[in-house]
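Let me begin by presenting the structure, written as structure tokens, before commenting on it.
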Amino acid sequence: MSTPISKLCVVATAAVVVAWTGIAIAQQNTDQQKCLNAINKDGALVAKAQGKASVACVKDAGTGKLVGTADACLTADAKGKIAKAKGKTLSDETKSCGTAPSFGYPGGAATNTGAQQAELDLVADVFGASLDPAITSCTTSKAGCGCQQKVADDVTKLADTKLAEFLKCKKTVLKSGASSAAALEACVADGGTTGSITADSKGKIAKAIVKLTADIGKKCDTPGVTSGAFPGTCTGLTGSALAICLDRVVECRVCQAINDMDALAVNCDVFDDGSANGSCASGAGPTPVPSPSPSPSPSPTPAFPPGTILQGVLTPTTGRFNYNLVLGVAGADAACTARFPGTHACTYANLQAAEAAGDLDGAKDTNGTTVTSFWAIDASHANQLQCTTTVAWDYATAHTGHFGEKVNLNSAAGTLSALQSGSAAGVFCLNSSWVGCCL
């Protein structure tokens, strides 16, 4: 018996609807997106409120204004602002989350807990397990007191900035039709996702790190009060190395907060420093201590034996350099100091000396990858041949007149090629080469 054409059309239309629904059902509808965006925004405000309260505790403890202990102050919520922020999360959940999102949603209570816990853990990262013994009295040392207050404020604002970038990215990918938690996770650690924390598309995170680094230099290093000011994870570090370490602990805690606030599974251990080394758990609570415990100044297992001059090699970077979100040679120097204490980024002359000393034989970077070229750093050469940026919007592309210099490496023989320079050699600043760390 044949089927009427009208019935076939109905069946076909139904099939299309079912197929379309099958694609869209995993996406969040308008109401679900509204719920996710509202709860996330509220969670960020809880984190911000706790961060401000923590900084206030550091300041009040230093100036002697606290009635009780600094540790008790952290959770006292004296002005009630944290409780108010938490209440808004729960209120918005009732108002906007009637249809629960199918992913990225742990509920308002879990969002509040994760946001607050990350900020409390961040204080412990900076000042140690107990805040009271870490505080420098302003009466005893005005400079030491000011150093702690300024850095505590900068670290909190850096965390706020990273979390804000995630929220904007998440809102965008949801609106674009994100259909899984993986799309939200990309807003944390995927450098190819516009607006992600790693991509830092508008440079706001980098700007916050530059300010932190500058304030450490001005408020702590210059008056000579850095030592002992931050007896937590980064104890013993100064200058750029301290800023890099503090940025790492912020990365860890922001990642944990996001996982808890959004029911995600970002690998925070890899996200915070690029290595699976037990430096950061992936959820709320204390960071696991690797066994054996790392020293304050990380001393990685070298990928190849250090030589007389060359002590190690950083992973490849474009000609602008962007180690730990700090552009230029200064960022490379800080990264070398942090990974290989006492070193700086190898200049071209350093590399030639390392070649003569036999240091380049079988060279591998910190990821164990064989090195095939080095950027040739030479301060005596023109900026345009050293990929040096001149203005904020300069992305160091060839049309702006910026090129670089490099030397290829025959790793097996440990020998460098002739210097390759500028446009004639096609050494573009957006290409990648390695940076060595030399004594």
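The values are calculated or read from the model by the stated rules, or taken from the named source; none is laboratory data. Because the structure is a prediction, the values reported are computed rather than measured. Because the Cβ atoms are built from the backbone with ideal geometry, glycine has one as well, and the counts that use them run over all protein chains shown.
Condition (residue is of a type outside the set (Phe, Trp, Tyr) and not in a helix (DSSP H, G or I)) applied to the stretch 148-168: is it met by at least one residue?
There is no residue in the stretch 148-168 that is of a type outside the set (Phe, Trp, Tyr) and not in a helix (DSSP H, G or I).
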Selection from the stretch 26-42 of residues crowded, with 23+ Cβ neighbours inside 10 Å, over 17 Å from CYS169 (Cβ atoms) and touching a Pro at 6+ places or on another chain (Cβ under 7 Å) yields CYS35
Among the residues of the stretch 342-353, is there at least one that is at pLDDT below 95, at negative phi and out of contact with any Cys (no Cβ under 6 Å at 6 or more places or on another chain)? no
For GLY87: the one exception among (1) at pLDDT 95 or above; (2) crowded, with 17+ Cβ neighbours inside 10 Å: (2)
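Quick grid of which residues meet (1) under 26 Å from ASP132 (Cβ atoms); (2) modelled with pLDDT of 95 or more:
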{"site": "GLY192", "(1), (2)": "no, no"}
{"site": "SER201", "(1), (2)": "no, no"}
{"site": "ILE216", "(1), (2)": "yes, yes"}
{"site": "GLY232", "(1), (2)": "yes, no"}
{"site": "THR235", "(1), (2)": "yes, no"}
{"site": "ILE258", "(1), (2)": "no, yes"}
So which residues in the stretch 108-128 are in contact (Cβ under 8 Å) with a residue 40 or more places away in the chain and either among the hydrophobic types (A, V, I, L, M, F, W, C) or part of a loop (DSSP other than H, G, I, E, B) (or both), if there are any at all? ALA110, ALA115, ALA118, LEU120, LEU122, VAL123, ALA124, VAL126, PHE127, GLY128
Do you know which of the residues in the stretch 218-230 that are modelled with pLDDT of 95 or more and either within 16 Å of the chain's Cα centre (by Cα) or not β-branched (Val, Ile, Thr) (or both) is nearest to LEU167 (Cα to Cα)? PHE230
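Do the conditions hold for GLY104, that is, is it touching a Ser or Thr at 6+ places or on another chain (Cβ under 8 Å) and either part of a helix (DSSP H, G or I) or of a type outside the set (Phe, Trp, Tyr) (or both)?
Judged against the criteria, GLY104 is not a match.
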State yes or no: is VAL250 at pLDDT 95 or above and under 30 Å from ASN267 (Cβ atoms)? yes
Among (1) part of a loop (DSSP other than H, G, I, E, B); (2) modelled with pLDDT under 95; (3) touching a helix residue (DSSP H, G or I) at 6+ places or on another chain (Cβ under 8 Å) - the single one SER240 does not satisfy: (1)
With the checklist (1) out of contact with any Lys or Arg (no Cβ under 7 Å at 6 or more places or on another chain); (2) of a type outside the set (D, E, K, R); (3) without any contact (Cβ under 8 Å) to a residue 24 or more places away in the chain in hand, flag the one item ILE209 doesn't pass. (3)
